[in-house]
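A.B. asks: Please read through the structure below; I'll follow up with questions.
The values are calculated or read from the model by the stated rules, or taken from the named source; none is laboratory data. These numbers come from a predicted model, not from an experiment. Reconstructed Cβ throughout: ideal geometry from the backbone, glycine too, with neighbour counts over all protein chains shown. Quick note on the areas: whole protein, heavy atoms, side chains included, nothing else; ligands and nucleic acids left out. Shrake-Rupley method; radii C 1.70, N 1.55, O 1.52, S 1.80 Å.
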Amino acid sequence: MRQLAMAVILGAAMFPLAARSEDWARLDGPQIVAALTSRSIMFDRGQTQDFLADGTTIFGDERGKWKVQGDLYCSTWPPRHSWTCYAVEVSGPDLRFIGEVGNVTVGRYNDL
């Protein structure tokens, strides 16, 4: 449920200066690992999500797990045990997470 809640909370969020759709590049698995490991992403409402190298992800007070499966970023948040996966695209300092049903969440590196 946390994945869905996060997607709903953040899904409509778009940075005012977000790149045009043709400027986004889809990341493959190794690129997603490089883009997220030990990084922090801020979403437009001020929420941040940290991606620790040990596979822990922190969103507010919630701790979950993250991994890359194939060419998708996947996360799970207690008490659920199922994984929800997203394609990841990048444009400059912005990352875009695209869910299975086409929901889009945009964030920007917070640790640069």
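A.B. asks: Filter segment 67-96 down to the residues that are free of Cβ contacts under 8 Å to residues at least 60 places away in the same chain and in a strand (DSSP E or B) and list them by number.
C.D. replies: Matches in segment 67-96: LYS67, VAL68, GLN69, LEU72, TYR73, CYS74, CYS85, TYR86.
A.B. asks: Got at least one residue in segment 51-60 being touching a strand residue (DSSP E or B) at 6+ places or on another chain (Cβ under 7 Å), at positive phi and not in a strand (DSSP E or B)?
C.D. replies: Yes, there is a match, as at least one residue in segment 51-60 is touching a strand residue (DSSP E or B) at 6+ places or on another chain (Cβ under 7 Å), at positive phi and not in a strand (DSSP E or B).
A.B. asks: Regarding THR48, is this residue touching a Gly at 6+ places or on another chain (Cβ under 9 Å), without any contact (Cβ under 8 Å) to a residue 40 or more places away in the chain, open to solvent by 10 Å² or more (accessible area, probe 1.4 Å) and farther than 17 Å from ILE98 by Cα?
C.D. replies: Answer is no for this residue.
A.B. asks: From (1) open to solvent by 40 Å² or more (accessible area, probe 1.4 Å); (2) under 19 Å from PRO30 (Cβ atoms); (3) under 13 Å from the mean Cα position of the chain (by Cα), pick out the condition that doesn't hold for GLY70.
C.D. replies: GLY70 satisfies all of (1) open to solvent by 40 Å² or more (accessible area, probe 1.4 Å); (2) under 19 Å from PRO30 (Cβ atoms); (3) under 13 Å from the mean Cα position of the chain (by Cα) except (3).
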